[in-house]
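Enquirer: One structure coming up, written as structure tokens, with questions to follow.
The values are calculated or read from the model by the stated rules, or taken from the named source; none is laboratory data. Note that the structure is a prediction, hence the values are computed from the model and not measured. Reconstructed Cβ throughout: ideal geometry from the backbone, glycine too, with neighbour counts over all protein chains shown. Keep in mind that these areas ignore ligands, DNA and RNA; they rest on the heavy atoms of the full protein, side chains included. Shrake-Rupley method; radii C 1.70, N 1.55, O 1.52, S 1.80 Å.
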Amino acid sequence: RRCQACMRTECGECHFCKDMKKFGGPGRMKQSCLLRQCTAPVLPHTAVCFACGEAGKEDTVESDDEKFSLSLMECTICNEIIHPSCLKMGKAEGIINDEIPNCWECPKCHKEGKTSKVRPGGGGGGGGGGGGTSSADQRSHHREKLERFKRMCLLERRPESSSSSSSSSESDSESDSDDSLRGEQGGGSSPSSSSPAPPPPVVYGNSSGGRAERDRSRSDPPAVPSPPRPVQMERHLVRPPPTCPEPSCLPLDCGSAHIMTRDVWLRVFTYLSHRELCVCMRVCRTWSRWCCDKRLWTQIDLSRQRSITPPMLSGIIRRQPVSLNLGYTNISKKQLMWLINRLQGLLELNVSGCAWPAVSALCQAVCPCLKLLDLSRVEDLKDSHLRELLAPPPDTRTGETVGRFQNVTELRLAGLDLTDLSSRLLVRYVPHLSRLDLSQCGNITDQTVHTLTSPISPLRESLTHINLAGCVKVTDQCVALLRRCSSLQSADLRSCCLVSSEAGQLLSFPSSSSTSSSEVFLLKDLILRS
């Protein structure tokens, strides 16, 4: 915030400025003006130490020496980001670059004799001509360093796919779920397994090339390779199932086995919370495997997390939950598709509040075991998107009209911009629905209730709970239509302004044989209506 670019004001003319809300744009790119691109950026906030995997901890100490030892430094030669204290080498052996923050030539490279093209602060020649050449090379090398840092920042800003604004680039190292779902690296596949491994560190040259080499580099500047990805962005692989049977006892340091067997320990672990299980995983390797037993992780809730990171995805796959809540997260389409294809036993999935480009990953997945699907308040989900989601795959050759979610019994579509056309999709592709939530769908009318309860609708017999709260276009006519459902147990019509209170008070539904009460009450929120 002190360089010349940071001190400028927005131009209001570039495509980033036109996207800003202050200039009348939608505010989706969330990028700064082209004239305000920082010329001296710092390390990304997701950067971690190559040795210990921790972020910079210079804020926890007072003295300058300790601050330097606990801050992250990037080497201009090997490109490693590391704490100086983790090198176990003397501070004097490293060469600090004063031009760029958190930049140095690490003691390891300096000890091996590797050097940059121009040393920081440099003056390479004794005469006038030599001094001019050194100054020009120094400026050229300075531009290369800035370009590397800009590319490092772009790695963090670049979206995971063209359909989502931000996927998993920003990881929250302080989030509880990151700690609770941090997977161990091993063999297997991962969301980024299809991408090639990052290239080895590149040495940007040395000072022994002479003036001819410097002249060639000045006339034909070399291509600057992309820097290595931060450690957190590397592949987090899923541990494959063990080839040998799981040990039934806990080995001790003395060579004997603990008196409590694995089954007894698992019963103890059932009384612990997920946070406490993560603490137990740090005790030893045996406990780490036992605490990942899928019986202890039947439900995983990551709702409202600021970011879904690769360690979280690996941890979810290792635990194989039955119920997964990803509501109001910024999960990407690639991440969701990777998860669904590896959670074949998933029964409940919550993606409420997510963006439709990410939820569209379900259009390419088959979930035969799924029983509950929550799509409430998914951004930009309309009738055409729901058809794409529920309809059979386009390459179906059998001619069947049953969709990929044919076994879903509970569907939540609250707060979506749906019309009466969606009711036909439900009748056709989700025939076993027993619970349906259409609350706060302002465009739903009595025609939807008529379609759901028509004589040819399978939902007429299977529907037990329906929620139409907040559907302002529903009238008293829907009350008579709902009486067609022989198994209906509850109907929520709160905040339906066109439904009279008399209809709700006088109407009762015939109960099924399995229902103990003889009447099912129609809910009516008179307070909200007034």
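Enquirer: With each pseudo-label sitting 7 Å past Cα toward Cβ, what's the Tyr271-Asn407 distance in nm, one decimal?
Expert: My value for the distance between the label points is 3.6 nm.
Enquirer: Continuing with this model, one more query. Determine the gain in length on full extension of the stretch Cys363-Met29; use 0.36 nm per residue of separation and subtract their C-alpha separation, reporting nm with one decimal. If you can, show how the numbers build up before the last one.
Expert: Values: separation 334, 0.36 × 334 = 120.24 nm, distance 2.59 nm.
Gain on extension, Cys363 to Met29, equals 117.6 nm.
Enquirer: Also, I was wondering about something else. Report the residues of region 283-299 in range of a label on Asp253: point 7 Å along Cα→C-beta, backbone N strictly under 15 Å from it.
Expert: Inside the label zone: 283-285.
Enquirer: Tally Lys and Arg at +1 and Asp and Glu at -1 over the other residues with C-beta under 10 Å from the C-beta of Lys294: what net charge comes out?
Expert: Working: positive: Arg295, Arg318, Arg319; negative: Asp293.
That works out to +2.
Enquirer: What is the extension gain from Thr298 to Thr475, computed as 0.36 nm multiplied by their sequence separation minus the C-alpha to C-alpha distance, in nm to one decimal?
Expert: Numbers: separation 177, 0.36 × 177 = 63.72 nm, distance 4.14 nm.
Length gained between Thr298 and Thr475: 59.6 nm.
Enquirer: Considering only protein heavy atoms, what per residue accessible area in square angstrom results for region 258-371 with a 1.4 angstrom probe?
Expert: Working: 5130 Å² over 114 residues.
Heavy-atom accessible area per residue stands at 45 Å².
Enquirer: Taking the Cα centre of region 1-73 as origin, work out the dipole magnitude from +1 charges on Lys and Arg Cβ and -1 charges on Asp and Glu Cβ, in debye rounded to 20. All intermediate terms of the calculation are to be shown ahead of the outcome.
Expert: Working: 11 positive and 10 negative charges, 151 e Å.
Here the size comes out at about 720 debye.
Enquirer: Given a Förster radius of 25 Å and the C-beta distance between Lys111 and Glu58 as r, what FRET efficiency does 1/(1 + (r/R0)^6) yield to the nearest 0.05? Let's see the in-between values first.
Expert: On the way: r = 24 Å, r/R0 = 0.98.
For Lys111 and Glu58, the calculated efficiency is 0.55.
Enquirer: Now a separate question. Taking H placed 1.01 Å from N in the peptide plane, check which residues at least 5 places from His258 or on another chain put their amide H under 5 Å from its amide H.
Expert: Residues meeting the criterion, in which the H sits 1.01 Å from N, are Leu250, Leu252.
Enquirer: Which three semi-axes in whole Å describe the equivalent ellipsoid of region 251-296, each the square root of 5 times a Cα gyration tensor eigenvalue, listed largest first? Present the calculation step by step, with values, prior to reporting the outcome.
Expert: On the way: eigenvalues 72, 29, 13 Å².
One finds semi-axes of 19, 12, 8 Å for region 251-296.
Enquirer: What is region 251-296's relative contact order, in percent, from Cα pairs under 8 angstrom and six or more apart in sequence?
Expert: 29 percent
Enquirer: Now a separate question. From the backbone phi of region 437-453, what are the Karplus-calculated ³J(HN,Hα) couplings (6.51 cos²θ - 1.76 cosθ + 1.60, θ = phi - 60°) in whole Hz, Gly and Pro given as x?
Expert: Along region 437-453, the couplings run 10, 10, 5, 6, 8, x, 9, 6, 10, 5, 5, 5, 5, 5, 5, 5, 10 Hz.
Enquirer: Sticking with this one: Tell me, what % of the accessible area of region 11-92 is carbon and sulfur with a 1.4 angstrom probe? Intermediate values should be presented prior to the final figure.
Expert: Values: 2530 of 4720 Å².
Using a 1.4 Å probe with all protein chains present, region 11-92 comes out at 54 percent carbon and sulfur.
Enquirer: So, counting K/R as plus one and D/E as minus one, what does the shell of residues with Cβ under 11 Å around Lys473 add up to?
Expert: Numbers: positive: none; negative: Asp420, Asp446.
Local charge sum for Lys473: -2.
Enquirer: From the phi of every residue in region 317-333, what ³J(HN,Hα) in whole Hz does the Karplus formula 6.51 cos²θ - 1.76 cosθ + 1.60 yield, where θ is phi - 60° and glycine or proline is x?
Expert: Once rounded to whole Hz, the list reads 5, 5, 8, 6, x, 8, 10, 10, 10, 10, x, 6, 10, 9, 4, 9, 4.
Enquirer: Of the listed peptides 466-475, 63-72, what is their order by residue-averaged count of other C-beta atoms within 10 Å, with the highest listed first? It would help to have the intermediate numbers written out before the result.
Expert: Working: 466-475: 21.6, 63-72: 15.2.
Ranking, from highest mean packing down: 466-475, 63-72.
Enquirer: Please compute, for the alpha-carbon atoms of region 4-112, the extent along each of the three principal axes and give them in descending order in Å.
Expert: On the principal axes, region 4-112 reaches 54, 25, 24 Å in Cα extent.
Enquirer: Note down the net charge around Lys57, summing +1 for each Lys or Arg and -1 for each Asp or Glu among other residues with Cβ under 11 Å from its Cβ. If you can, show how the numbers build up before the last one.
Expert: On the way: positive: Lys67; negative: Glu54, Glu58, Asp59, Glu66.
Spelling it out: positives minus negatives among the neighbours equals -3.
Enquirer: Work out from phi, with θ = phi - 60° and the Karplus expression 6.51 cos²θ - 1.76 cosθ + 1.60, the ³J(HN,Hα) of each residue of region 481-495, listed in order in whole Hz, and give x for Gly and Pro.
Expert: Taking θ as phi minus 60°, the curve returns 5, 5, 5, 5, 6, 6, 9, 5, 10, 8, 9, 9, 10, 5, 6 Hz for region 481-495.
Enquirer: Follow-up. Whose amide H sits under 5 Å from the amide H of Ile96, counting only residues 5 or more places off or on another chain, with H placed in the peptide plane?
Expert: For Ile96, the qualifying residues are Glu105.
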